[in-house]
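Participant: Quick one: this structure, given as structure tokens, is what I'll be asking you about.
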Amino acid sequence: MGEGLSGFIPSIVALFQGIGQTKCEKLYNETTQEWVTSIVTEPPNFSVEIFFYFLFGMMLISLASFMMLDLSPFARSEKISESESPTIEIVERSYSNMEICFLLGIQAFINFFSNGVLPSIQSYSCLPYVAFLGHFFSYKSLKIIVGCVIFGTIMMGFIFATAIYSPFTIFDPSISGPLVVMLWILNGIFFHFSKIEIAGICRDVKNSKYLFWYGALTQFGSALGALISFLMVNVFQVFTTAESPVC
């Protein structure tokens, strides 16, 4: 939930900020005393500095909230206390080491693309079209997780196609914009749901080392994806950005 909100709230603020669209305007050139048509970029609704101040404020609020939760008497009362009262044993599905390792591999795969690759090509995917997930149900089913990853990967394939075809569009221009937005939303839903379910399974397993490897592979997949994306975008220039309109 926290990971989803940390990306959802800044995204909403960025939408309110706007992207500074370009348009053609007639301007008077005092040197030549002629009217000329040139491209003018509209300013965003508020500056980049304000946006970063907002992010900084979010980080401070998160830190203060964490300190309050960790140190307040209310949080202490919620912590597990040693008690001699009998515990009720809940029988849950057990996972083999092979299944846990398979899920951890999926975790690295998801973060390789969702945190490393896809953010790097988002502009190439969305610009040609002039471009929160909260989880309240937990299934912890291996089949459901694999199914979500497969569907998310299919959506990711379409996203890659739109980025590679940039600055041209693949589909009819009248439906391309909404379709690209829907692809990104579906990809985020399937991948984020899978990550949350894998984390829940690793947390429930008695061996705590799996939760450690969950975090380690999350960072490894993200870093590897970001490195490969950097090489593709900035070194090999696989993608072509959409050009500004010509007046």
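The values are calculated or read from the model by the stated rules, or taken from the named source; none is laboratory data. In this text, all values refer to a predicted model and were calculated from it rather than measured experimentally. Here Cβ is always computed from backbone atoms with ideal geometry, including for glycine, and neighbour counts include all displayed protein chains.
Participant: Test of understanding: among VAL233, VAL246, VAL181, which residue is under 30 Å from VAL40 (Cα atoms) and either aromatic (Phe, Trp, Tyr) or modelled with pLDDT of 85 or more (or both)?
Facilitator: Of the residues listed, the single one that is under 30 Å from VAL40 (Cα atoms) and either aromatic (Phe, Trp, Tyr) or modelled with pLDDT of 85 or more (or both) is VAL233.
Participant: Of the residues SER229, SER166, SER176, which is assigned by TED's automatic domain parsing to the domain that holds GLN107, of a type in the set (S, T, N, Q) and not in a helix (DSSP H, G or I)? Full working, then the answer.
Facilitator: Working: SER229 fails: not in a helix (DSSP H, G or I); SER176 fails: not in a helix (DSSP H, G or I).
Within the list SER229, SER166, SER176, the selection yields SER166.
Participant: Anything in the stretch 114-148 that is closer than 21 Å to VAL238 by Cα, at pLDDT 75 or above and in contact with a helix residue (DSSP H, G or I) (Cβ under 6 Å, 6 or more places away or on another chain)? List them, or say none.
Facilitator: The answer is SER114, ASN115, GLY116, VAL117.
Every residue, every condition in (1) outside the structural domain of GLN107 (by TED's automatic domain parsing); (2) part of a loop (DSSP other than H, G, I, E, B); (3) among the hydrophobic types (A, V, I, L, M, F, W, C), yes or no:
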{"position": "MET182", "(1), (2), (3)": "no, no, yes"}
{"position": "ALA199", "(1), (2), (3)": "no, no, yes"}
{"position": "TYR210", "(1), (2), (3)": "no, no, no"}
{"position": "LEU224", "(1), (2), (3)": "no, no, yes"}
{"position": "VAL238", "(1), (2), (3)": "no, yes, yes"}
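Participant: Would you tally the residues in the stretch 58-91 being of a type outside the set (D, E, K, R) and at pLDDT 75 or above? It would help to see each step written out before you state the result.
Facilitator: Residues of the stretch 58-91 that are of a type outside the set (D, E, K, R), as a first pass: 58-69, 71-75, 77, 80-81, 83, 85-88, 90-91.
Then keep just the ones that are at pLDDT 75 or above; that gives 58-69, 71-73.
Residues flagged as of a type outside the set (D, E, K, R) and at pLDDT 75 or above within the stretch 58-91 amount to 15.
Participant: Further question on the same structure: What number of residues in the stretch 182-199 are aliphatic (A, V, I, L, M) and under 17 Å from VAL117 (Cα atoms)? Give the steps one after another, and end with the answer.
Facilitator: Taking the stretch 182-199 first, the residues aliphatic (A, V, I, L, M) are 182-183, 185-186, 189, 196, 198-199.
Cutting the leftovers down to under 17 Å from VAL117 (Cα atoms) gives us 183, 185-186, 189.
The number of residues fulfilling the criteria is 4.
Participant: Take the residues in the stretch 1-57 that are at pLDDT below 75 and of a type in the set (D, E, K, R); name whichever of them is surrounded by the most Cβ atoms within 10 Å (Cβ to Cβ).
Facilitator: Result: GLU3.
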